[in-house]
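In what follows, a structure is listed as structure tokens, so that the remarks can point back to it.
All of the numbers you see were taken from the coordinates with simple rules; none came from a lab. Keep in mind the model is a prediction, meaning the values are calculated, not measured. Note that each Cβ is placed from the backbone with ideal geometry, even for glycine, and that neighbours are counted across all protein chains shown.
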Amino acid sequence: MLTGNNSSYEARMQQIRASVRLNSRVPILVEWTEGGQRHSEMGYTMDVSPKGCLAIVPQGFAVGQKLRLRNKVTGQEADAVLIWRGHEGRTGWELGLELENAPHEFWGVDF
């Protein structure tokens with residue numbers, strides 16, 4: 001979880017970015033609960049890593065938002081947290097998502 005300590009945030013981002021990343025467009029389903037109801041949106045990744053992904057999703061979220069991801073190729077599911085939100089483009093928001101306790105085979109590739 002993110003803290004108010006900026007240097008801790010920067011160290012965490014360096015650690016996340018230091019991991020292996022693979023350019024890969026994977027269709028994903030993003031699910032969340034709002035107002036007691038379950039919602040979902042389809043999106044896709046721009047790159048993936050063992051720790052998460054950069055995704056494009058039509059829905060914007062607040063940093064820290066808890067989400068559930070489903071990889072539409074492998075069928076694997078994992079909890080995730082939004083750690084970065086970029087710009088809104090034609091097809092949606094750029095989202096940096098960190099996976100929490102995801103299965104090793106979540107992306108269907110070996111890193």
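Of all residues in the range 24-60, those satisfying the criterion of being surrounded by fewer than 19 Cβ atoms within 10 Å (Cβ to Cβ), in a loop (DSSP other than H, G, I, E, B) and free of Cβ contacts under 8 Å to residues at least 60 places away in the same chain are R25, G35, G36, P58, Q59, G60. Scanning the range 63-107 for residues that are closer than 15 Å to M46 by Cα, outside any strand (DSSP E or B), touching a residue at least 40 places away in the same chain (Cβ under 8 Å) and not charged (D, E, K, R) yields a count of 2. Against the criterion of being surrounded by fewer than 17 Cβ atoms within 10 Å (Cβ to Cβ), under 21 Å from D110 (Cβ atoms), charged (D, E, K, R) and in contact with a Leu (Cβ under 9 Å, 6 or more places away or on another chain), K72 qualifies. Can you find a residue that is within 10 Å of the chain's Cα centre (by Cα) and more than 19 Å from T33 (Cα to Cα) anywhere in the range 99-107? No, that holds for no residue.
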